[in-house]
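The values are calculated or read from the model by the stated rules, or taken from the named source; none is laboratory data. The structure displayed is predicted, hence computed values, not measured ones. In this analysis, Cβ positions are derived from the backbone assuming ideal geometry, glycine residues included, and neighbour counts consider all displayed protein chains. Just the protein is used for accessible areas: all its heavy atoms, side chains included, with ligands, DNA and RNA removed. Shrake-Rupley method; radii C 1.70, N 1.55, O 1.52, S 1.80 Å.
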Amino acid sequence: MTRAALARIEERNPKFNAFLTVTAEQAMEAAHAAQEAYAHGRAGALTGVPIAIKDLFDTAGVRTTAGSKILRDRVPTSDATAVERLRQAGMVMVGKTHLNEFAMGGTGENGHYGPARNPWNPQRMPGGSSSGSAIAVVTGMALGALGSDTGGSIRIPASACGCFGLKPTYGRVSRAGAFPLAWTLDHVGPLTSTVEDAARMLAVLAGHDPRDPASSRAPVPDYLALMRGGARDLRLSAPTAAVFAAMDPAVRPVIERALADLRPLVRSITTANPDWGLAEAAQTVTSRTEASAHHRAWMRERPQDYSPEILARLDFGLLTSGVAYAMAQQARARLRARLDAFWKDHDVIITETLPIPPPLLGATEVEIEGALVNANAGLLRRTAPFNLLGVPACSVPAGFTADGLPVGLQLVAAPHREDVLLRLAHAYQQVTDWHLRRPAA
Amino acid sequence: MPEVRVEDIIALARLQGVDLPRERAEELARRYPEYRRALEALTAEGFGQSEPALTFDPQGSPSSPLN
């Protein structure tokens, strides 16, 4: 498996720019160790599985750039907790994957390392910021990948590239050793082809970590067993007519068909949606100010080492008042109360992950509902509210546009109900094969 | 909300202890209308003096949205 993954990386990475660092030698050592482990009956949950790690996570002895110029030569001496747990489970790390600079963006572009490219159409964005992780999975350069998600950075590239991506509940997976973007919005999770593989990775990753002050002490259930429980009891909330009307015409029929495929699998589908009101505004203000707080010293001492786009976003954080930040937290609390009430009668909220097909590389604006909006904001529109609220959400491959671009279906559940997402997404993958499709080599 | 000039942005940054070069301030001024929409949306909502109050749980992470 490892040799095959490394061969694919050598062949395909120059085209897609999924990896910033390839750890071939280390991977082969880990693969040999995996063989020994199997021979002696010591195999773990992920022994011998080639895994790609987003270059936001510390990996001992392997440079960790966070997609930045500032950290271009940084070599950590210890692993991030998530990496440590994957290693303990026997993973073979094949390399560190491409991301937006400091994970700030949903496009998969990077001013220092070049853009990553969508494996279905290399002229298109792969989505971000976990761009390389999604590409690696879809092109067979890895069997699973680790990503992070602050506004959609696991789900956006999963949707744009055609794989499964899970953002668990806030605090479910430790962020220790991952370079922060926004402390109250950062989540960590897996990208895989199948829901089953994601459940395996989540079982390894989840659990309390004293190194992460937001780490949840909630017990870790048997995700694999729960995943197989079927979806017949689930009550779904589907997009309203207005939300459908706002989708790009290329995306809309794919989501409609996905809902038709889900209908026989579940208890009910209604179109009552919570009012998301200020979610986008609150997420933007929260994200920019928290990021700026973290980057403040570098912004002062070495602003020239940031890409202009990233520096501008951080500058906005500096200019946002504390009053605006407090009001964003009030909006957050109000939305949470609204959602808490909603879960009494619904188990899953369904949306499209991206309201548009993956844009062309370099696009700064996209058209949504007949209006031009900032490309990055457009990509985050449906995903960001669930970072603000800390609830688990995933993107599952749901089909392709007429032009052959992947479309993802976003599923959202109540806090610590990853089991509900896994059950529904797994049931969906038993009746569809979108997750098995691969781009032409 | 009044229009924001480049000089306003430079002055606001200075209040935050940041000496913002004019070039960066001009870039922010160019992008500001989009960011202003987020700020206007929040301030227009008119949260009441007590609704909803922000809370702090001394037993847990103060920043966790799930507390």
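Can you count the Lys pairs in the protein assembly as shown whose Cα atoms are under 20 Å apart, with each pair 8 or more apart or on different chains? List each step's numbers first, then the result.
Values: A:LYS15/A:LYS54; A:LYS15/A:LYS96; A:LYS54/A:LYS69; A:LYS54/A:LYS96; A:LYS54/A:LYS167; A:LYS69/A:LYS96; A:LYS96/A:LYS167.
Here the count comes out as 7.
Percent of alpha carbon pairs in the range A:129-202 separated by more than 22 Å?
Summing the P(r) tail past 22 Å for the range A:129-202 gives 14 percent.
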Computed P(r) (all Cα pairs; the range A:327-441; 5 Å bins; percent): 2, 10, 17, 18, 18, 16, 11, 5, 1, 0
Selected from A:ALA37, A:LEU354, A:VAL62, residue furthest toward positive end of dipole (the protein assembly as shown; charges at beta carbon): A:ALA37
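Is there a quick way to get the dipole size of chain A? I mean about its Cα centre, with the Cβ of Lys and Arg at +1 and of Asp and Glu at -1; what is the value in debye to the nearest 20? Display every interim value, and only then the final one.
Values: 45 positive and 41 negative charges, 80 e Å.
For this selection, approximately 380 debye.
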Amide N proximity, the range A:367-386 versus B:ARG31 label position 7 Å along Cα-to-Cβ, cut-off under 17 Å: A:373-381
For chain A, with +1 on Lys and Arg beta carbons and -1 on Asp and Glu, the positive-most of A:LEU185, A:LEU259, A:TYR223 along the dipole: A:TYR223
Label-point separation, A:ARG302 to A:ALA272 (7 Å along Cα→Cβ), nm: 5.4
Residue (of A:HIS112, A:ALA80, A:VAL407) at the positive-pole extreme of chain A, dipole from beta-carbon charges: A:ALA80
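Quick one: work out Rg over Rh on the C-alpha atoms of the range A:234-359, Rh as Kirkwood radius.
Rg divided by Rh gives 1.10.
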Per principal axis, descending, Cα span of the range A:1-97 in whole Å: 44, 30, 18
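Output needed for the range A:202-307: three equivalent-ellipsoid semi-axes, defined as square roots of 5 times the C-alpha gyration tensor eigenvalues, in descending order, whole Å. Present the calculation step by step, with values, prior to reporting the outcome.
On the way: eigenvalues 269, 138, 36 Å².
Taking √(5λ) for each eigenvalue gives 37, 26, 14 Å, largest first.
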Peptides ranked, highest mean first, by Cβ atoms within 10 Å: ranges B:8-16, A:362-370, A:203-211: A:203-211, B:8-16, A:362-370
For A:322-332, mean number of other protein chain Cβ atoms within 10 Å: 4
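Calculated FRET efficiency, A:HIS32 and A:ALA7, Cβ-Cβ r, R0 22 Å, to nearest 0.05? Write down the numbers at each step before the final one.
Values: r = 17 Å, r/R0 = 0.77.
For A:HIS32 and A:ALA7, the calculated efficiency is 0.85.
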Residues with amide H under 5 Å from that of A:GLU365, placed H, sequence gap 5 or more: A:ALA375
Interchain or long-range residues, amide H under 5 Å from A:LEU20's placed H: A:LYS96, A:THR97, A:HIS98
Average beta carbon contacts from partner chains per residue of B:6-17, 10 Å cutoff: 2
Cβ crowding within 10 Å averaged over residues, with A:167-179, A:324-336 ranked highest first: A:167-179, A:324-336
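With +1 on the Cβ of every Lys and Arg and -1 on the Cβ of every Asp and Glu, and nothing else charged, how large is the dipole of the range A:164-286 about its Cα centre, in debye rounded to the nearest 20?
Details: 13 positive and 12 negative charges, 60 e Å.
It works out to roughly 280 debye.
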Integer Hz, Karplus 6.51/-1.76/1.60 couplings in order for the range A:408-414, x for Gly and Pro: x, 9, 8, 10, 10, 9, 6
Net length gained if the chain between A:HIS208 and A:ALA45 were fully extended (0.36 nm per residue, minus Cα distance): 56.8 nm
Three semi-axes of the equivalent ellipsoid, the range A:348-395, Cα gyration tensor, whole Å, largest first: 22, 11, 10
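Given a 1.4 Å probe and no ligands, DNA or RNA in the count, how much accessible surface is buried by A and B, both sides, to the nearest 100 Å²? Don't skip to the end; give the middle numbers.
Values: alone 16560 and 6130 Å², together 19570 Å².
Summing both chains' loss of accessible area gives about 3100 Å².
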Protection-proxy order for peptides A:288-299, A:186-197, each taking the mean of Cβ atoms within 10 Å per residue, highest first: A:186-197, A:288-299
Value of Rg/Rh across the range A:48-131 [Cα atoms, Kirkwood radius]: 1.00
Efficiency of FRET from Cβ geometry, A:ASP73 and B:LEU15, R₀ 45 Å, rounded to 0.05: 0.80
For the range A:327-389 and the range A:91-116, distance of Cα centres in Å: 22
Calculated Rg and Dmax of the range A:283-352 using C-alpha coordinates, Å: 16.7, 52
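If you count, for every residue in A:163-175, the Cβ atoms of partner chains within 10 Å of its Cβ, what is the mean? Don't skip to the answer; put the middle values down first.
On the way: counts 0, 0, 0, 0, 0, 0, 1, 5, 6, 0, 0, 0, 0.
Rounded to a whole number, the mean comes out at 1.
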Tail weight of P(r) past 22 Å, computed on alpha-carbon pairs of the range A:82-188, percent: 25
Globularity index of the range A:169-255, i.e. its alpha-carbon radius of gyration over 2.2 N^0.38 Å: 1.42
Along each principal axis, Cα extent of the protein assembly as shown, largest first, Å: 69, 53, 51
Alpha-carbon Debye profile of the range A:233-280, log10 I(q)/I(0) at 0.14, 0.25 Å⁻¹: -0.40, -1.01
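Which value, in debye to the nearest 20, gives the size of the charge dipole of the range A:143-225 about its Cα centre, when Lys and Arg are +1 and Asp and Glu are -1 at the Cβ? Show your work: numbers first, answer last.
Values: 7 positive and 7 negative charges, 27 e Å.
Dipole of the range A:143-225, to the nearest 20 debye: 120 debye.
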Residue-level accessible surface for A:ILE349, protein heavy atoms, 1.4 Å, Å²: 0
log₁₀ of I(q)/I(0) at q = 0.19, 0.28 Å⁻¹ - the range A:24-74, Debye sum with one point per alpha carbon: -0.72, -1.03
